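Notes to accompany the following structure.
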Amino acid sequence: MGDEKPRRVILDVRSWVGVSMGAIHYYGHLKYFGVSSDVIGGSEDDSVYTSDAPDASQSGDIELTRKLTAKDEGVGKSYDDYVAFGGGNRFAGYEVGEPTNCFDTEDDVIEKAKKEFKRIFGSGWKLVTD
């Protein structure tokens, strides 16, 4: 058993280009095979899953999320502001601390994936990011 290869957790990063000039959003999922997972309500940083049995037979997909900050465009503004500015405040109507699955850069997704991988998966697992 000691010579087994580590199980892989695959980071899937997707992007979306919107109709507005420069509107690019990134999304990430950790895909794993052979783990039992349960919803646990989230870490201090917002993840909602944990592995509880690395040798179990279930597979899963964890959507990466982050909490909105005051730096996110439109946070704390009303939805009316969103409409008044022609949709330019993408997080209008949301408040600081609310979760979103939207990241600004691919590097942001990778950084979050590494943090959640370390928190969720124990030894015997390898994160694949490319």
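Tabulated results
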read-out	value
Options G28, G122: the member that is modelled with pLDDT of 90 or more and of a type outside the set (D, E, K, R)	G28
Neighbours by Cβ (under 6 Å, 6+ apart or cross-chain): first from region 102-114, closer than 15 Å to R90 by Cα; second surrounded by fewer than 17 Cβ atoms within 10 Å (Cβ to Cβ)	C102/H25
Index of the failed condition, K67 passing every other in (1) at pLDDT 70 or above; (2) closer than 30 Å to P6 by Cβ; (3) under 13 Å from the mean Cα position of the chain (by Cα); (4) not small (G, A, S)	(2)
Of all residues in region 81-105 being surrounded by fewer than 17 Cβ atoms within 10 Å (Cβ to Cβ) and aliphatic (A, V, I, L, M), the one that is modelled with the highest pLDDT	V96
Qualifying position, being of a type in the set (V, I, T), surrounded by fewer than 11 Cβ atoms within 10 Å (Cβ to Cβ) and either more than 16 Å from D130 (Cα to Cα) or at pLDDT 65 or above (or both), among V19, V35	V19
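Conditions (1) touching a helix residue (DSSP H, G or I) at 6+ places or on another chain (Cβ under 8 Å); (2) outside the structural domain of D12 (by TED's automatic domain parsing); (3) modelled with pLDDT under 80; (4) in a loop (DSSP other than H, G, I, E, B), marked per residue:
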{"residue": "G41", "(1), (2), (3), (4)": "no, no, yes, yes"}
{"residue": "S47", "(1), (2), (3), (4)": "yes, no, yes, yes"}
{"residue": "G74", "(1), (2), (3), (4)": "yes, yes, yes, yes"}
{"residue": "K118", "(1), (2), (3), (4)": "no, no, no, no"}
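The values are calculated or read from the model by the stated rules, or taken from the named source; none is laboratory data. Fair warning: this is a prediction, and the values are worked out from it, not measured in the lab. Please note: Cβ atoms are built from the backbone with ideal geometry, for glycine as well, and neighbour counts cover all protein chains shown.
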